[in-house]
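A.B. asks: Input: one structure, supplied below.
The values are calculated or read from the model by the stated rules, or taken from the named source; none is laboratory data. Here the structure is a predicted model, which is why all the values come from computation and not from measurement. Every residue, glycine among them, receives a Cβ derived from its backbone with ideal geometry; neighbour counts consider all protein chains shown. What goes into the accessible areas is simple: the full protein's heavy atoms, side chains included, and nothing from ligands, DNA or RNA. Shrake-Rupley method; radii C 1.70, N 1.55, O 1.52, S 1.80 Å.
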Amino acid sequence: MKIASIVGTRPNFIKAAALIEEIKKHSIDHLLIHTGQHYDKEMSRLFFDELGIPKPDINLGVGSGSYGEQIGNITIKLEKVLIKEKPDLVIVVGDVNSTFAGALITKQLGIKVAHVEAGLRSFDLTMPEEINRILTDRISNFLFTTEKSGNENLKKEGINEKKVFFVGNVMIDTLIKHREKAEKSKILSKLKLNKSRYAVLTLHRPSNVDKKDNLEKTLYILEKIQEKIKIIFPMHPRTMKNISLFQLNKKIKNMKNLVLTEPLGYLDFLCLMSNSKLVLTDSGGIQEETTVLGIPCITLRDNTERPITMEQGTNMLVSTDKNEVIDKSLKIISNQIKIKGKIPELWDGNAAKRIVDIIRKNFD
Ligand code: UD1
Ligand code: UDP
C-alpha cells in the first residue's frame, strides 16, 4: 500500500507529525509532499527538525500568492507528481489552501482522499478556511473527525455516515508526545518571564489583520491589557507584513509591556502557553491546545469551528467587541473569573493510531 501525505503550513506539520510517525510503524510505502505554502525557517523547517518529521520527498515550492494562485499552482504541480507516483491514498489535514488543493487534484485523478480534521464548521463563508473545509469534505473518501460536532455537521450535509470516523485529535497527539520535552525549553528565562505572570498572543486571521481598522481595534485592546500584564506576541508573517503596510509599528513600539518575537518553534511555544496566565488568539489549533493545557483562552473572533473547546474546554469566544475582550481578560488576570475545563473525548494521544488502523482495515 502506498500513501502520500500533503502538508503546506505550520499547523499541517504539527498534525502530520503524529500521523507520519504512526504510518512508519507499518509496512506502508509513504511519500511526504510539502506544497511550500509556508517556507520561512520559523514557519516550516523548524517544525520538521523539532518534531522529527522526515524531510519531504517532494517540495512543490509554490510559495505565497492569492487564493487562486495558490490553489492553481498546487494543483498543476501536484498533478504531475501524483500521476508519476500513483499512491493508493492521499491524506490531507486541516483546512488550509494546501489541504483543499491537494484533495481536489487527488480526487480528479481517481485516487482516494482521506481528510483528517473533517466536519468542523464556523458557518462563516467569508473565511477561506470554511470554503476549504466544506469542499474537501464533500470529495473525501475517509473523513476523520476530532469532535462529535463534526459528525453532526457532515450528517446534515448529506455525507454518507459510513465514510465518517470519530477518532480524536492528531494535534493533541503531538502535544502529548512533546509536552515533557517542551517544559525543558529555556524560553521563560530567555524572555525573563515568571510563571503565570504573562499572557500570550497570536494573531493572523485576515478578518483581524488585513484591514487597518480591524488591526487598530485589536491594538487598542492590547494597549489596555498590557497595562496590567506583560504580553508575549510571536508575530505571524502575515501580521508583520500588514503592521508595516499600515504604518502601525510606532503604536506597537509604544506599548512597553508588549513583547514581540519571531514566530516561535513548537517546543518554545508550547512551554510559553502552558506556563501563561492567559492566551489571546485567533488561531484554530491554539483553542484546542489551551483546552488540553487547562489555560484560559480568549478567542478574538466572532465564531469558532471548534465548539467543544467552549463547551468543555477553557476557550471563551468573547466576540471582537473590544470592551468585552478587555473586561474578560482583566477579570482572568485578577482571578475574578476562574476557568475550569475538561479534556474532550478521545483527545488522548491515540488519534493517529486509530486513523491508520481504519485505513489499513479498509485497504485489506
Ligand atoms: C494560512 C492558512 C490559515 C492558517 C495559517 C496557519 C489558508 C487560506 N490560510 O494562513 O488557515 O491558519 O496558514 O499559520 O491557507 N508568509 C511569509 N513566510 C511564510 C509564509 C507566509 O512571509 O513562510 C507571508 C506572505 O507574505 C504571505 C502571507 O504571509 O502572503 C500569508 O501566507 P498564506 O500562506 O497565504 O496565509 P496564512 O495567513 O499563513
Ligand atoms: N505555534 C507555534 N509557534 C508560534 C505560534 C503557533 O509553534 O509562534 C503552533 C501552535 O502551538 C499550534 C499551531 O502552531 O500548534 C497553530 O498554528 P496557526 O495558529 O498558525 O494556525 P491555525 O491553527 O490557526 O490554522
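A.B. asks: What is the count of Lys pairs in segment 134-204 whose alpha carbons sit under 16 Å apart, if the two are 8 or more places apart or on different chains? Don't skip to the end; give the middle numbers.
C.D. replies: Details: K148/K156; K148/K162; K148/K163; K155/K163; K184/K192; K184/K195; K186/K195.
Number of lysine pairs found: 7.
A.B. asks: Once both labels are modelled 7 Å past Cα along the beta-carbon direction, what's the N194-D88 spacing in nm?
C.D. replies: Those two pseudo-labels are separated by 5.9 nm.
A.B. asks: Taking N as the number of residues in segment 132-268, what is its alpha-carbon radius of gyration divided by 2.2 N^0.38 Å?
C.D. replies: Details: Rg = 19.8 Å, N = 137, 2.2 N^0.38 = 14.3 Å.
Relative to the 2.2 N^0.38 Å estimate, segment 132-268 comes out at 1.39.
A.B. asks: How many percent of the accessible area of the chain is carbon or sulfur, using a 1.4 Å probe? Don't jump to the answer; show the numbers that get you there.
C.D. replies: Working: 7900 of 15970 Å².
Of all accessible area on the chain, carbon and sulfur atoms account for 49 percent.
A.B. asks: Say the cut-off is 24 Å between C-alpha atoms; which of K230/K251; K25/K55; K41/K241; K322/K342 go over it?
C.D. replies: Working: K230/K251 16 Å; K25/K55 17 Å; K41/K241 17 Å; K322/K342 28 Å.
Cα-Cα > 24 Å for K322/K342; rest within.
A.B. asks: A follow-up question, please. Explain nothing, just compute: Karplus ³J(HN,Hα) = 6.51 cos²θ - 1.76 cosθ + 1.60, θ = phi - 60°, for every residue of segment 112-125 in order, whole Hz, x for Gly and Pro.
C.D. replies: 6, 10, 10, 10, 9, 5, 7, x, 5, 9, 8, 6, 10, 7
A.B. asks: Here is a follow-up. What aspartates and glutamates could a cross-link reach from K228, if we take a straight Cα to Cα line under 15 Å and drop same-chain neighbours fewer than 8 places away?
C.D. replies: Correct list for K228: D327.
A.B. asks: Still on this structure, I have one more. What percent do you get for the relative contact order of the chain when only Cα pairs under 8 Å and 6+ apart count?
C.D. replies: Computed over the chain, the figure is 16 percent.
A.B. asks: Ok, one more. Quick one: give the max-minus-min coordinate of the C-alpha atoms of segment 271-364 along each principal axis, largest first, in Å.
C.D. replies: 56, 25, 21
A.B. asks: With a probe of 1.4 Å, find how much accessible area the chain has per residue, and write the answer as a whole number in Å². The partial results should precede the final answer.
C.D. replies: Details: 15970 Å² over 364 residues.
That works out to 44 Å² for each residue.
A.B. asks: Whose amide H sits under 5 Å from the amide H of T261, counting only residues 5 or more places off or on another chain, with H placed in the peptide plane?
C.D. replies: For T261, the qualifying residues are F233, M235.
A.B. asks: Rounded to the nearest 0.05, what FRET efficiency is calculated for K177 and K338 with R0 set to 22 Å and r the Cβ-Cβ distance? If you can, show how the numbers build up before the last one.
C.D. replies: Numbers: r = 29 Å, r/R0 = 1.33.
Calculated transfer efficiency: 0.15.
A.B. asks: Please work out the Cα convex hull volume for segment 130-184 and give it in Å³ per residue.
C.D. replies: Details: hull volume 5.4 nm³, N = 55.
With only Cα atoms used, segment 130-184 gives 98 Å³ per residue.
A.B. asks: Run the quick spin-label model on E227 and E161: label points 7 Å from Cα toward the beta carbon, then report their separation in nm to one decimal.
C.D. replies: 5.4
A.B. asks: What are the residues whose amide H is under 5 Å from the amide H of R301, where those residues sit 5 or more places off or on another chain and H is modelled from the backbone?
C.D. replies: V318, S319
A.B. asks: Summing Lys, Arg as +1 and Asp, Glu as -1, what charge do residues with Cβ under 11 Å from the Cβ of H204 carry, H204 excluded? Could the numbers behind the result be given before it?
C.D. replies: Values: positive: R10, R205, R238, K241; negative: D210, D282.
Result for the neighbourhood of H204: +2.
A.B. asks: With θ set to phi - 60°, apply the Karplus curve 6.51 cos²θ - 1.76 cosθ + 1.60 along segment 230-238 and write out the HN-Hα couplings as whole Hz, x wherever there is a Gly or Pro.
C.D. replies: Values per residue, Gly and Pro as x: 5, 10, 9, 10, x, 8, 5, x, 4 Hz.
A.B. asks: Got a sec to turn the phi values of segment 70-81 into Karplus ³J(HN,Hα) couplings, 6.51 cos²θ - 1.76 cosθ + 1.60 with θ = phi - 60°, whole Hz, x for Gly and Pro?
C.D. replies: 5, 4, x, 5, 5, 5, 4, 6, 5, 3, 5, 5
A.B. asks: Once R0 is set to 56 Å, what does the formula 1/(1 + (r/R0)^6) return for the Cβ-Cβ distance between E79 and S244, expressed as a FRET efficiency to the nearest 0.05? The partial results should precede the final answer.
C.D. replies: Working: r = 36 Å, r/R0 = 0.65.
The formula returns an efficiency of 0.95 here.
A.B. asks: If Rh is defined by the Kirkwood formula over all Cα pairs and Rg also comes from Cα, what ratio Rg/Rh do you get for the chain? Write down the numbers at each step before the final one.
C.D. replies: Numbers: Rg = 19.9 Å, Rh = 20.8 Å.
Taking Rh as the inverse mean 1/r over Cα pairs, Rg/Rh reads 0.96.
A.B. asks: In terms of Cα to Cα distance under 16 Å, which aspartates and glutamates are near enough to K340, apart from those fewer than 8 places away along the same chain?
C.D. replies: Cα-Cα hits under 16 Å: E288, E289, E311.
A.B. asks: Scan around K112 for amide H atoms under 5 Å from its own, H built in the peptide plane at 1.01 Å from N, and keep only partners 5 or more places away or cross-chain.
C.D. replies: V90
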